[in-house]
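First comes the structure, then the notes that go with it.
The values are calculated or read from the model by the stated rules, or taken from the named source; none is laboratory data. Being a predicted model, the structure only gives us computed values, none of them experimental. Cβ atoms come from the backbone with ideal geometry, glycine included; neighbour counts cover every protein chain shown.
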Amino acid sequence: MSDSHQAVLFNPETMFVPAAGYSQVAEVRGGKLVYIAGQVPLDKSGLLVGKDDFLAQTEQVFRNIKAAVEAAGGNFGNVMKLNYFCVESVDPSLIPHVLKVRDRFVDTMTPPVSTFIVVKRLVRPEWLIEIEAVAVVNR
């Protein structure tokens, strides 16, 4: 749940509780919606972080999302929705480790709603993952 209680993350009793650690529903009750463009593994200076290293790239993407939501006046607890885009060349055994990286940033008791999509490739072939986010911030 966000600090301002303007948005609530939950799993309805009428639906299954995901084992993968995400919420089924995000309800916005007020506040400011913040859409964060798909973040890629580039640092502040535009340099690629983690060439050929999926988890290092994932870490940088989460750092970028954190910076974006903070610039909008919030914190990572305000993130309600994450959409992941992972390239098909990534070893499938690494994908569950994305949650370990994510869990260092989110409230694991009420994790964001999420969708994980495997794609052929991203705009730049050296990018292995891209994540976009939606947050609810109440200044």
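Computed values, structure above
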quantity	calculated
Strands (runs of 3 or more DSSP E) fully within the stretch 1-95 counting 1 or more residues that are in contact with a Ser or Thr (Cβ under 7 Å, 6 or more places away or on another chain) and either of a type in the set (S, T, N, Q) or closer than 16 Å to ASN138 by Cβ (or both)	7-10, 79-87
Filtered residue count, the stretch 109-121, keeping only those that are more than 27 Å from ASN75 (Cα to Cα) and either in contact with a His (Cβ under 8 Å, 6 or more places away or on another chain) or of a type in the set (A, V, I, L, M) (or both)	2
The stretch 88-116 residues that are more than 15 Å from PHE62 (Cα to Cα) and among the charged types (D, E, K, R), paired with ones that are exposed (fewer than 12 other Cβ atoms within 10 Å of the Cβ) and modelled with pLDDT of 95 or more (beta carbon under 6 Å, 6 or more apart)	GLU88/LYS120
Residues (aliphatic (A, V, I, L, M), in contact with a helix residue (DSSP H, G or I) (Cβ under 8 Å, 6 or more places away or on another chain) and closer than 12 Å to ILE131 by Cβ) located in the stretch 46-68	ILE65
Test result for GLY21, loosely packed, with under 13 Cβ neighbours inside 10 Å, out of contact with any Phe, Trp or Tyr (no Cβ under 7 Å at 6 or more places or on another chain) and under 26 Å from ARG121 (Cα atoms)	no
Residue within the stretch 22-38 that is more than 14 Å from ALA135 (Cα to Cα), under 17 Å from the mean Cα position of the chain (by Cα) and of a type in the set (Val, Ile, Thr) present	no
Any hit, the stretch 47-55, residues being touching a Pro at 6+ places or on another chain (Cβ under 7 Å) and small (Gly, Ala, Ser)	yes
